[in-house]
Structures are given as structure tokens and as C-alpha cells.
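The values are calculated or read from the model by the stated rules, or taken from the named source; none is laboratory data. Just so we're clear, the structure is a prediction, and the values are computed from it rather than from any experiment. Neighbour counts run over all protein chains shown; Cβ positions are idealised from the backbone, glycine included. The area values use the complete protein model at the heavy-atom level, side chains included, leaving out ligands, DNA and RNA. Shrake-Rupley method; radii C 1.70, N 1.55, O 1.52, S 1.80 Å.
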Amino acid sequence: MKYDQGNADELKDKFWKELASSPYVMLQLDADPDSAAPMTAQLDKDAHHKIWFFTSRDNRFAKMGPATATYSSKGHDLHARFSGTLTEETSAERKDALWNNFVEAWFPEGKASALLLRMDLGDASIWSGEMGLLNVAKMAMGMNVRDDMKGGYAEVAL
């Protein structure tokens, strides 16, 4: 774990809280740059080293393998890039636990039509910066805000 500002553990905790609040990422298979697409992360509060995604068996992500995701929080004060490996989740209990009305809206044929992928997470880069009204005004006037930013950057294992 390395960081140049702030506390890496705090940034990691903030990442998980923000992702739970807005679970949308851009996911891409490393071997297929054209596969990048928005996906909804399915989280388990007790499994911070894994994320799940529902997709169809004919989707590009069904090829599985190494993947990278990028994330931007609702307020745009936290950004992350994280890597991992996509594999099929075969646990029926896990599929049942993650299935909900929002997922069903994408798979009206039911659970059997959906492929549940598990992303076993590796390394992540997390950026956090709270602009604040004063810094936004300074930027509008072309003034330096680097030293005034609150937040930080960390490279962590998820």
C-alpha cells in the first residue's frame, strides 16, 4: 500500500462507502478494449475483496478473465480504477442473495437467464479531493488550488 496524501485505509473505506451509494462502474475486459460498458456492481458488505455483476451469457463479459473497472462517485469527489479477474459465480445462494427487482428488470426471463460474474479484486488506485466552494472560485479565476485540496491518492489492494 502506498499513498502520497491522506490515509490509505481511510481512502479505501471511503471508496467502499461511495460505491455502495452509487454502484455504477465502467467495466472492461483487459483483452478486449472495445468491451468497456457501464455495469452495476453487486456488493456484499462482508466481502470487500469481491464484486459481482449480472450479465447475459451472450454478452462480451461472459468470456471472463482479467478486467479493469473505473469509478466516479456521485459528487465527483472520489475516483478509482481497480483490477481483478471475472469468473462465473456458481453459488445459487449468492445469486439468490444478490437478485432484486432492479436486476430482474434487466432479466425478465428470470434468474436462469442471467449469468452472475464474480470479480476477484486486485489492486486499486483511489483519488479523493473535495473541491469546496472557495476552491471552485479560485479555479474560475485561474488561481492555484493544489495545496488547498482536501483528500489524497492511494494505491491499495482491495
#### Entry: Overall dimensions of segment 83-133 as given by Cα atoms, namely Rg and Dmax in Å
16.2, 49
### Message
Please compute the modelled spin-label separation between Ala62 and Ala157, points set 7 Å along Cα→Cβ, answer in nm with one decimal.
### Response
3.4
### Summary
Within the under-12-Å Cβ sphere about Phe54, not counting Phe54, Lys/Arg +1 and Asp/Glu -1 give a net charge of +2
### Task
Compute the signed sum of charges (Lys and Arg +1, Asp and Glu -1) over the other residues within less than 15 Å, Cβ to Cβ, of Glu109.
+1
### Message
With θ taken as phi - 60° and the coefficients 6.51, -1.76 and 1.60, list the Karplus ³J(HN,Hα) couplings across segment 41-46 in order, rounded to whole Hz; mark glycine and proline as x.
### Response
6, 9, 10, 10, 4, 9
## Note on the structure
Restricting to Cα pairs under 8 Å and 6 or more apart, the percent relative contact order of segment 24-76 works out to 42
### Query
What list of ³J(HN,Hα) couplings, whole Hz, do you get for segment 59-69 from phi and the Karplus terms 6.51, -1.76, 1.60, once you set θ to phi - 60° and write x for glycine and proline?
7, 4, 5, 5, 5, 6, x, x, 9, 10, 10
#### Entry: Size descriptor, Kirkwood hydrodynamic radius, that averages inverse alpha-carbon separations across segment 8-123, Å
14.5
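Suppose all protein chains stay in the model; what accessible area per residue would a 1.4 Å probe give for segment 16-121, in Å²?
On the way: 5780 Å² over 106 residues.
Per residue, segment 16-121 has 55 Å² of solvent-accessible surface.
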### Task
Pull up the cross-link candidates among the aspartates and glutamates for Lys45, meaning alpha carbon to alpha carbon under 19 Å and not fewer than 8 places away within one chain.
Asp9, Glu10, Asp13, Glu18, Glu89, Glu93, Asp96, Asp120, Asp123
### Message
What is the percent carbon and sulfur in the accessible area of segment 5-118, measuring with a 1.4 Å probe over the protein chains and ignoring ligands?
### Response
51
